[in-house]
Amino acid sequence: MNFTARFALATALFVGSLTVLPALAQNVTVVVNGQVMSFDQAPVMVNNRVFVPMRAIFERLGSTVSYANGNINAQGNGRSVHLAIGSLNASVNGNPLTMDVAPFLVNGRTEVPLRFVAQALGANVNWNGNTSTVYIGTSGNNNVPSTPQPYATQTPGYQSFYLNNEHPANGATINTTHPKIHATFSQQVDLNSLQVSVDGNNVTSLVYTNASGFDVTPGFALNPGTHNVTVSGNTASGSSFQSGWSFSTSNTAAGSAQNYIVNVSPAPNTQTGSSFTLSGRTLPNSQIHIVATGTSTIGGLFQVGTGTFQSDVTADGYGNFSVPISLNALRGGQIRVIMTSVSPNGASVENQVVYSV
């Protein structure tokens, strides 16, 4: 090999070695089910993500793991997880996902993103910034006093963004193919930037959102298995974020009683005043969440909001429900009502109606 070829090869190898520049995660402690983990290679940080040696975390969470030709495959807790060195693409139970930082090699060891791996295996992950401690809790061991770990990089000086009050809860197993999905935000977001997907399918057009959180029922049935919710966008202060969680549907979900909302009054696409009583029928004893929003068009071009109304009611033993709605709606505008009914067995359905004012 001549000098030019040797120099080119050496340069390529050197550049390749700079693909990832991890930094030691100084004083980061990882606690799993109340027990502090020890690693033969200290955790490292990449883009504010904690990475740990592959085998240690997978096996600690009850999974077997194999590595070959850059591919990481793990099995455990009824889940299969696939990652690859240098790739943002991953999958959980065959469902494709996109990470924001890829696994990498350092000192000959395979490093994987701690939060992603733990949540992929059904665990809860929380972060205490005051003590630089990552708390991981598997089923039945999730009572840890901390706040959620940031999922995405934040602009320095801004509070880290995370989701709260996720429903279905992270790691939960539900018995419906059409769940109502809900979460609240740790800080205000730019609603125009919000994007929500379920199992890689963008459901943003179905989302009802406000400054404090969002609700959505996917327009497709969720098959038994693990499902992943991804939420991304910008905070009101300009920081970008990406967050999410996972839950499962049971094998009996497809056979459970399907919910419905019928006999809605006033009839859809009719005219109402700014105050009226909404009624209908659903599965007996279901919990109904109702959100009504008023809009008006200015100059025939610009649509503006004229108020929001929210209420929760319980259907009676025959499935009947009613709720008075009052909005500061303008004549010539519209009122959009979203009704989400969740039965006692967890079957969920959403119905949307529009009225003119």
- Query: Mind checking which residues of the stretch 58-84 are crowded, with 18+ Cβ neighbours inside 10 Å and hydrophobic (A, V, I, L, M, F, W, C)?
  - Reply: 58, 61, 65, 72, 74, 81, 83
- Task: Look at residue 237 and say whether it is assigned to a strand (DSSP E or B) and either in contact (Cβ under 8 Å) with a residue 24 or more places away in the chain or polar (S, T, N, Q) (or both).
- Result: no
- Message: So, residue 60, is that one among the charged types (D, E, K, R) and either within 14 Å of residue 120 (Cα to Cα) or at pLDDT 85 or above (or both) or not?
- Response: yes
- Message: For the stretch 228-268, which positions are polar (S, T, N, Q), modelled with pLDDT under 80 and over 25 Å from the mean Cα position of the chain (by Cα)?
- Response: none
- Item | Those residues of the stretch 34-57 which are assigned to a loop (DSSP other than H, G, I, E, B) and either among the small types (Gly, Ala, Ser) or under 13 Å from residue 121 (Cβ atoms) (or both), in sequence order | 34, 38, 42
- Message: Suppose we filter the stretch 34-57 for residues that are surrounded by fewer than 18 Cβ atoms within 10 Å (Cβ to Cβ), modelled with pLDDT of 80 or more and not charged (D, E, K, R); how many remain?
- Response: 7
- Item | Selection count, the stretch 190-247, where residues are crowded, with 17+ Cβ neighbours inside 10 Å and acidic (Asp, Glu) | 2
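The values are calculated or read from the model by the stated rules, or taken from the named source; none is laboratory data. Predicted model only: the values in this text are computed from it and were never measured. Neighbour counts run over all protein chains shown; Cβ positions are idealised from the backbone, glycine included.
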